[in-house]
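Chemist: Right, I'll just put the structure down here and ask away after.
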Amino acid sequence: MMQKMISKEKISDLIKELQKEFKVFGPVKEEGVVLFKEITDAKEICLDYSNSKIPAKSVLFPMIDTLFSYKKEGKGVKIIENPPYEKTVIFGIRPCDSMVFSLFKNFFSFGKYKDPLVLNRLKNITIIGMGCLEPRTTCFCTSVNGGPFNKESVDVLITEFKDNYYLESITDKGEALIKKIKSLTDADKGDLAKIEKLQKDIESAIPVIEGLDGIYTKLDGLFDHPMWKMESQGCIGCGSCTYLCPTCHCFDVLDENKQDGSGRRIRIWDTCQFPLFTLETSGHNPRTTKLPRVRQRIFHKFNYYPKNYNIIGCVGCGRCIINCPVSSDIRNIFISVENISSKTEG
Amino acid sequence: MTDKSKEKSTEEWKPKIIAFLCNWCSYAGADLAGVSRIQYPPNIRVVRVPCTGRINPFFIIKSLAYGWDGILVSGCHPGDCHYISGNYIARRRFAILRDLMTFLGIEPERLNFTWVSAAEGERFAKIVRKTVENVKSVGPNKIFNKKW
Amino acid sequence: MVINIIDDIEKSIRETAKKLLEEKKVDLIIGYTKGSIPLRSGPCFITDASQTGMLVWNQSCDLNLAKYLAKNDDRKIGIISKGCVGRAIVHLIVEKQLNKENITIIGISCEGVLNRAKIMVEIGDKEIIEANIEDNKIIIKGKDFNKTLPLQDYINQLCITCHYKIPPISDIIIGNKKPEKPPKDDFKDLNEIESKSSNDKMEYFKKELNRCIRCYACREACPMCYCSLCFIDQNKPVWFGKTADISDNFIFHMIRAFHVAGRCVSCGACSSVCPMGIDLNFITRKLEKIVKERFDFESGINLEAPPPMGTHKFDDKQEFMIEED
Ligand code: SF4
Ligand code: SF4
Ligand code: SF4
Ligand code: SF4
Ligand code: SF4
């Protein structure tokens, strides 16, 4: 572990130094919306944000992802592979969102099928996370094995303290990286203890929410429970909760052609909340109403994920609560599950 | 407009125009223009439809998305529709579509609607000339070009 | 004071709902309830008279509840209807999508709803912990800030020009039965965009629609988008692209707008549900203007008037047709 610091004013120096070796992605504010983009001008970066509207999964798993391109040549078709993925740094990502990267590693290499695109990107990405000084009231990361300064899935963790950013290397990759950066100075030892206390205070101030304890086993008997009718009646079936959820990773594959005989195969985000998601070629659709779709979202995150990968498929970022147009609150579902299962037990 | 080079380049550029013509009148009108050897610019490609009422706005938008520079839709004069009211329904549809597209920033010069009867070969040729002129005045359609 | 009227309305909504359920006049009440974050509301579905305390009425009740009605629903439903919910019901009846018999319209005199996206732009990325409306001001509290905004500047534009604050038909009316109508709508709010050049218009809309992530909340919240298969989801054949690329976004929104022309009831639900804060109502306002000026039609006002796209006149204006010259 290595501790370094830099004054807030000098942050662009740090970014510029990183840019020499890496493609740097960071939070940028565009039209009032914070999202992760490649930083071209160090001044663009917006570190005074609570969390991005579009989760940073978009770096690893973009909304439109080219699998390969092609071009007609004579009678044949020439396949054009993607250019090699450059070494990349994701700067300023929140610890909840970075948890997703290890989650995706599981998902995209489950069983026989390995997704070369995502796995290769993961190898080339270094994550510089930034702790949350002001968690939102909708955050519940501490209830799903995370925390505002969670170190589990970052290479370097930054904590803002007074006029400085403190950088702590977590992995070897992170240590190697911050060793190289000249604009960093050694951390002020006196502050380190204070920072640790600050982190603990903020973390313990996040309320632990009800009903998440053992939700995996509780859900097991509830697949056919009438609660899903209640939970789904207000849902309008849009994609806000899933598109903007950092852990959702469903996609659709399609081909795009241009008139000049070139084209590409792409994948785009898709979601289990849309009817087309489960429509089979035969015309049969196993999930015809909102009920099974709403249930699928909860079961996938809180039952299938724990079963398949031994982790919870939610990082507690609260985006689904903030963005749902009908104000459906996932926390209320936990409570319903809790109430129902305690009733049946007792 | 006084810029000589600009004038020259628009002269060289040949717009691609897709024409949706009603089977019962404008298509026959176009035919008549052909048989009567009336000259008109070769920029249009004709799609024959049973009635202007058959023209889904998708056809128009998809054509623009595919890079056609302009659209011409022509059907029977009011009162002459083979199916009695197809052209009236189409007229309302195109009025709204054109207003909406203009509001969104698509140049109205690309969207040309008119009536041509089976006997109006001369008129058809003039309408095509006018359409080409309109489309030329706004240049190539790059509205829906994707970046990749 | 505004706040009192709203409180009274809320109280009468609860009482009315309770009575209707107790007297078994309805099986279900569809109304608004408090959202889980400030400035949000959600729908609620009440079958039990003891739960009517959940019902709320305030300036964040921005959904169009008509979305939750369906033709094949044979329950007797009481629906809390501000003007535009009522208009949506009327228009859906005109389009033969609803039967009036089973629906009890509980009309509410509406003072307009807030434009949340505009407030969020003003507040920035900070979290709002509490928001109240007092004395025509919106008072917003966050962790380390307070902000007071003038209410009238943050009322939805569609509500400012709305002439139908109570539903055109209703079984019960709560609140002001003869609300004041604003002056004749002159669509001044569109002037700025309309006067731009084609290029600038396109730039403006492209910039705005570029943010769209294609979550389709706008479509799903719209009472007029009831197709069982939306054009954008048709895949035999595929008509238009489903990617979030600006060219595909532009086409999606253009066609969706076209599909609601002469049908849109100016409720603003499509904009207020958009998670990306995209203002789609510039487009729907234009549609309102087009059908008003061309066909002298307003949707959802009259059960007898046929929708403009389903009818025609011999002498409809055709000034846009090209002529030989
Ligand atoms: S389910 Fe909701 S709270 Fe959990 S990670 Fe997804 S968006 Fe965040
Ligand atoms: S965001 Fe809300 S309305 Fe949309 S699908 Fe999710 S739960 Fe349903
Ligand atoms: S388009 Fe928007 S404003 Fe019009 S009815 Fe639909 S949701 Fe309401
Ligand atoms: S956009 Fe058109 S096709 Fe899609 S749901 Fe709305 S009206 Fe139907
Ligand atoms: S709600 Fe907003 S982001 Fe979602 S599809 Fe509509 S415009 Fe796009």
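Chemist: Output the number of residues of the stretch B:107-142 satisfying the condition of being among the β-branched types (Val, Ile, Thr), within 7 Å of another protein chain (Cβ to nearest Cβ) and outside any helix (DSSP H, G or I).
Modeler: 1
Chemist: Report, by residue number, each residue of the stretch A:307-328 that is more than 16 Å from ligand 5 (Cβ to nearest atom) and either open to solvent by 20 Å² or more (accessible area, probe 1.4 Å) or closer than 17 Å to A:ARG136 by Cα (or both).
Modeler: Narrowing the stretch A:307-328 to residues more than 16 Å from ligand 5 (Cβ to nearest atom): A:307-318, A:321.
Within the stretch A:307-328, A:LYS307, A:ASN308, A:TYR309, A:ASN310, A:ILE311, A:ILE312, A:CYS314, A:VAL315, A:GLY316, A:CYS317, A:GLY318, A:ILE321 qualify.
Chemist: Residues of the stretch A:42-61 being open to solvent by 30 Å² or more (accessible area, probe 1.4 Å) and either within 13 Å of chain C (Cβ to nearest Cβ) or over 19 Å from C:ASN210 (Cβ atoms) (or both), which ones?
Modeler: Within the stretch A:42-61, A:LYS43, A:ASP48, A:LYS53 meet the criteria.
Chemist: Quick one: which of C:GLU203, C:GLU220, C:GLU208 is assigned to a helix (DSSP H, G or I), open to solvent by 20 Å² or more (accessible area, probe 1.4 Å) and within 16 Å of ligand 2 (Cβ to nearest atom)?
Modeler: Numbers: C:GLU203 fails: within 16 Å of ligand 2 (Cβ to nearest atom); C:GLU208 fails: within 16 Å of ligand 2 (Cβ to nearest atom).
From the options C:GLU203, C:GLU220, C:GLU208, the qualifying one is C:GLU220.
Chemist: Let me confirm something: among A:SER98, A:SER183, A:SER109, which residue is hydroxyl-bearing (Ser, Thr, Tyr), more than 30 Å from A:LYS20 (Cα to Cα) and not in a strand (DSSP E or B)?
Modeler: Going through A:SER98, A:SER183, A:SER109 in turn, just one is hydroxyl-bearing (Ser, Thr, Tyr), more than 30 Å from A:LYS20 (Cα to Cα) and not in a strand (DSSP E or B): A:SER109.
Chemist: What's the number of the only condition in (1) without any contact (Cβ under 8 Å) to a residue 60 or more places away in the chain; (2) part of a loop (DSSP other than H, G, I, E, B); (3) more than 15 Å from ligand 5 (Cβ to nearest atom) that C:LYS242 fails to meet?
Modeler: (3) is the only condition that C:LYS242 fails.
Chemist: Something else about it: Scan the stretch C:245-254 for residues that are facing chain A (nearest Cβ under 10 Å) and either under 22 Å from C:ALA88 (Cα atoms) or assigned to a loop (DSSP other than H, G, I, E, B) (or both) and jot them down.
Modeler: Selection gives C:ASP245 alone.
Chemist: Still on this structure, please answer the following. Here are C:GLU194, C:GLU220: which of them is under 29 Å from B:LYS146 (Cα atoms) and within 14 Å of ligand 5 (Cβ to nearest atom)?
Modeler: Criteria check complete, one pass: C:GLU220.
Chemist: Let me ask you something else. Are any residues in the stretch C:264-282 farther than 18 Å from C:LYS82 by Cβ and more than 7 Å from ligand 3 (Cβ to nearest atom), and if so, which ones?
Modeler: Step one: of the stretch C:264-282, the residues farther than 18 Å from C:LYS82 by Cβ are C:274-280, C:282.
Of everything in the stretch C:264-282, those that are farther than 18 Å from C:LYS82 by Cβ and more than 7 Å from ligand 3 (Cβ to nearest atom) turn out to be C:CYS274, C:PRO275, C:MET276, C:GLY277, C:ILE278, C:ASP279, C:PHE282.
Chemist: Another question, then. Is it fair to say A:VAL100 is in contact with a Pro (Cβ under 6 Å, 6 or more places away or on another chain) and closer than 30 Å to C:ILE123 by Cα? I'd like the intermediate steps shown before the answer.
Modeler: Details: in contact with a Pro (Cβ under 6 Å, 6 or more places away or on another chain): yes; closer than 30 Å to C:ILE123 by Cα: yes.
Yes.
Chemist: Got a number for residues in the stretch C:157-174 being touching a Lys or Arg at 6+ places or on another chain (Cβ under 8 Å) and surrounded by fewer than 18 Cβ atoms within 10 Å (Cβ to Cβ)?
Modeler: Here the count works out to 1.
The values are calculated or read from the model by the stated rules, or taken from the named source; none is laboratory data. Here the structure is a predicted model, which is why all the values come from computation and not from measurement. Because the Cβ atoms are built from the backbone with ideal geometry, glycine has one as well, and the counts that use them run over all protein chains shown. Keep in mind that these areas ignore ligands, DNA and RNA; they rest on the heavy atoms of the full protein, side chains included. Shrake-Rupley method; radii C 1.70, N 1.55, O 1.52, S 1.80 Å.
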